[in-house]
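Data block below; observations after.
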Amino acid sequence: ITVEEAKKILIANSYKLEKSEKRKVSGSSGYFLAENIFSKLDLPPFNQSNVDGYAVKLSLMNEWKVIDEIKAGDSKNIILKKDQAVRIFTGAVVPEVADCVLMQERVTIDKDKISTDGALTRGEFIRLKGSQIKKGDLAVPKDVLITPALTGFLSAIGFKKIKVYRKPRIFVIVTGNELEIPGNKLSHGKVYDSNSYILRSALEQIGLKAAKIIFVKDNKKKLLKAISECIRKADMLLISGGVSVGKYDFVNDTLEELGTEKLFYKILQRPGKPLYFGKNKKTIIFGLPGNPASVLTCFYEYVYPLLRKMQGYENLFLQERRLKLLRDVNKTFKLSNFLKAKASIDSVESLEGQASFMLRAFTEANCFIYLPLETSHVSAGEEVEVHMLP
């Protein structure tokens, strides 16, 4: 199928996770709120000074005697007369009868007296009680993405824990007899594993974690056991390798044996043609190709948007831009191409090393140039569709 058909099937079979959990506000950034939040108090909870200065009662006077001081956190109950002032600091409680705070830069000090030649304005430099939000008012509606600013607001209105939608539980299976752990001695015929690092890091980059990473040799019985275990526990299962049609590629047959609904297999694209997408009950399953550049390309173009859908995001796919091409690009296969590329403000350039086993170009890339199926050549200066990486 085409890239466009694959993405339609992807969206039609994606869903938002509705299961929620209680979480501390301090660790909730990046989650979506699963409840309406109503303020537990007025904010500010009292009339509060907005500056360092002097609190006074509005009158025709322009000179006052300073009788006390109030720091932030003090709970003094001071009754001011019209000729009296109190030294006050930012965030402190404004005395009940005071209706104006003089900024200290506008005040002349003479021993225990202050004066000003400026006009006084009622309410000046006072944050009124409840001016940000009143007790019982809707503070934050559900389904909102929690940001660092929102965690501050929630804590300011008295919340320690909140209900959030839990993040997807993701399991990863990496297959292959040829894989060796980096750091171990590399014997002839072996290669160091990079796909588990790619998938773990790509998930962490978007605020998610792999619940478990399992390594399986090219053995159908062991693969069946591993996949069966993951399906019982995972919201999403990512399988790297073993999805092609070789003698030791067991993933397709194993998934079918376990009753998985195959939604598509193989896309007219390069890299990542042998991509598998299916569902087993509520578990979403991707069978990713084994080549590293294919794994990462398929992750960003297909896995990434589905993970965003599961969490509650509205904009699912990579951000698209139209940029001018710096040099010609050609296609040698009748497939849609995702070319690793480097974008600037108004232009984009394809990088060297586009083969599916080549990862080095990805270390410089910040986007893909997308060449649709029918496009065989694009000349320098023409605009192309660009997908920006996270």
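Would you check which residues across the stretch 45-79 are more than 44 Å from the chain's Cα centre (by Cα), surrounded by 19 or more Cβ atoms within 10 Å (Cβ to Cβ) and in a loop (DSSP other than H, G, I, E, B) and list them?
Lys57, Ile78
For Phe338, only one of the following conditions fails: (1) surrounded by fewer than 18 Cβ atoms within 10 Å (Cβ to Cβ); (2) of a type in the set (Phe, Trp, Tyr); (3) farther than 23 Å from Arg166 by Cα. What is its number?
(1)
Filter the stretch 10-44 down to the residues that are aliphatic (A, V, I, L, M) and assigned to a strand (DSSP E or B), then identify the one that is most open to solvent (accessible area, probe 1.4 Å).
So the residue we want is Leu43.
Filter the stretch 361-390 for residues that are hydroxyl-bearing (Ser, Thr, Tyr) and modelled with pLDDT of 95 or more; which is surrounded by the fewest Cβ atoms within 10 Å (Cβ to Cβ)?
Ranking the candidates gives Ser379 first.
Answer yes or no: is there a residue in the stretch 181-188 that is farther than 26 Å from Gln48 by Cβ and either surrounded by 15 or more Cβ atoms within 10 Å (Cβ to Cβ) or of a type in the set (Ser, Thr, Tyr) (or both).
yes
Can you tell me which residues in the stretch 206-229 are of a type outside the set (A, V, I, L, M), touching a Leu at 6+ places or on another chain (Cβ under 9 Å) and either without any contact (Cβ under 8 Å) to a residue 24 or more places away in the chain or part of a helix (DSSP H, G or I) (or both)?
Ser228 - this is the single residue of the stretch 206-229 that is of a type outside the set (A, V, I, L, M), touching a Leu at 6+ places or on another chain (Cβ under 9 Å) and either without any contact (Cβ under 8 Å) to a residue 24 or more places away in the chain or part of a helix (DSSP H, G or I) (or both).
State all residues of the stretch 121-158 that are part of a loop (DSSP other than H, G, I, E, B), open to solvent by 80 Å² or more (accessible area, probe 1.4 Å) and more than 25 Å from Gly53 (Cβ to Cβ); if no residue qualifies, say none.
Hits for the stretch 121-158 are Lys134, Lys135, Lys142.
Identify, by number, the condition in (1) open to solvent by 40 Å² or more (accessible area, probe 1.4 Å); (2) part of a strand (DSSP E or B) that Arg232 doesn't meet.
Here Arg232 meets the rest and fails (2).
How many of the residues in the stretch 302-348 are within 22 Å of Gly30 (Cβ to Cβ), modelled with pLDDT of 95 or more and charged (D, E, K, R)?
2
Filter the stretch 91-120 down to the residues that are within 13 Å of Asn47 (Cβ to Cβ) and assigned to a loop (DSSP other than H, G, I, E, B) and list them by number.
Once the filter is applied, which keeps residues that are within 13 Å of Asn47 (Cβ to Cβ) and assigned to a loop (DSSP other than H, G, I, E, B), the stretch 91-120 yields Gly91, Ala92, Val94, Pro95, Glu96, Val97, Ala98, Asp99.
Suppose we keep only residues that are among the hydrophobic types (A, V, I, L, M, F, W, C) and exposed (fewer than 14 other Cβ atoms within 10 Å of the Cβ) within the stretch 105-120. Which one would you say is nearest to the chain's Cα centre (by Cα)?
In this case the residue turns out to be Ala119.
Name the one entry in Tyr276, Tyr265, Tyr302 that is touching a residue at least 12 places away in the same chain (Cβ under 8 Å) and open to solvent by 10 Å² or more (accessible area, probe 1.4 Å).
Tyr265
Select from the stretch 159-176 the residues that are farther than 30 Å from Asn36 by Cα and open to solvent by 70 Å² or more (accessible area, probe 1.4 Å) and list them in ascending order.
Answer for the stretch 159-176, where residues must be farther than 30 Å from Asn36 by Cα and open to solvent by 70 Å² or more (accessible area, probe 1.4 Å): there is none.
Conditions first: (1) under 30 Å from Glu35 (Cα atoms); (2) surrounded by 20 or more Cβ atoms within 10 Å (Cβ to Cβ); (3) among the hydrophobic types (A, V, I, L, M, F, W, C). Leu318 passes all but one, so which condition is the exception?
Only one criterion in (1) under 30 Å from Glu35 (Cα atoms); (2) surrounded by 20 or more Cβ atoms within 10 Å (Cβ to Cβ); (3) among the hydrophobic types (A, V, I, L, M, F, W, C) is unmet by Leu318, namely (2).
Pick from Ser347, Ser294: which is open to solvent by less than 40 Å² (accessible area, probe 1.4 Å), in contact (Cβ under 8 Å) with a residue 40 or more places away in the chain, polar (S, T, N, Q) and on the phi < 0 side of the Ramachandran plot?
Only one candidate qualifies: Ser294.
Would you pick out the residues in the stretch 94-104 that are surrounded by 15 or more Cβ atoms within 10 Å (Cβ to Cβ) and closer than 15 Å to Lys57 by Cβ?
Val94, Pro95, Val97, Ala98, Asp99, Cys100, Val101, Leu102
Among the numbered criteria (1) under 26 Å from Lys266 (Cβ atoms); (2) open to solvent by 20 Å² or more (accessible area, probe 1.4 Å); (3) in contact with a Lys or Arg (Cβ under 6 Å, 6 or more places away or on another chain), which one does Lys309 miss?
Only one criterion in (1) under 26 Å from Lys266 (Cβ atoms); (2) open to solvent by 20 Å² or more (accessible area, probe 1.4 Å); (3) in contact with a Lys or Arg (Cβ under 6 Å, 6 or more places away or on another chain) is unmet by Lys309, namely (3).
The values are calculated or read from the model by the stated rules, or taken from the named source; none is laboratory data. What you see is a predicted model; the values in this text were computed from it and never measured. Glycine gets a Cβ as well: all are built from the backbone with ideal geometry, and neighbour counts include every protein chain shown. Accessible surface areas use protein heavy atoms only, side chains included; no ligands, DNA or RNA. Shrake-Rupley method; radii C 1.70, N 1.55, O 1.52, S 1.80 Å.
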